[in-house]
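Report on one structure; see the data block that follows.
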Amino acid sequence: MDIIGIFTVVLSLVVTGIGPASQVRKNQKRKSVEGLSKFYFIILAISYTFWVIYGFTLKDLVLIIPMSLGAIMSWVVVVQFRIYR
């Protein structure tokens, strides 16, 4: 992995880690997903999942690593919709 790839992975991990993780914590603290779009998070989770699959077909860690984190965090929010309904 070259320097641009490493920078991309780190930056992507920050973006896909901080945003969704803070939403998960906020939902957990409030015990609610009020005001969030269930449809949006389902589409987001599916999209991240397909990017991970695509990354595996290319054997591209620059795609696999950050998109995996995004997929996990998005699916956690989707599960929170079920828990906090």
Apportionment of accessible area to carbon and sulfur, the chain, percent (1.4 Å): 71 percent
Got the relative contact order for the chain handy, in percent, Cα pairs under 8 Å and 6 or more residues apart? 43 percent
Kindly express, to the nearest 10 degrees and within the range 0 to 90, the angle between helix 3-30's C-alpha long axis and the longest C-alpha principal axis of the chain. 10 degrees
Measure of exposure for THR57: accessible area at 1.4 Å probe, Å² rounded to 10, is 100 Å²
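The values are calculated or read from the model by the stated rules, or taken from the named source; none is laboratory data. Computed from a prediction, not measured in an experiment: that's the story for all the values here. The protein model used for the area step is the full one, side chains on, heavy atoms only, and it has no ligands, DNA or RNA in it. Shrake-Rupley method; radii C 1.70, N 1.55, O 1.52, S 1.80 Å.
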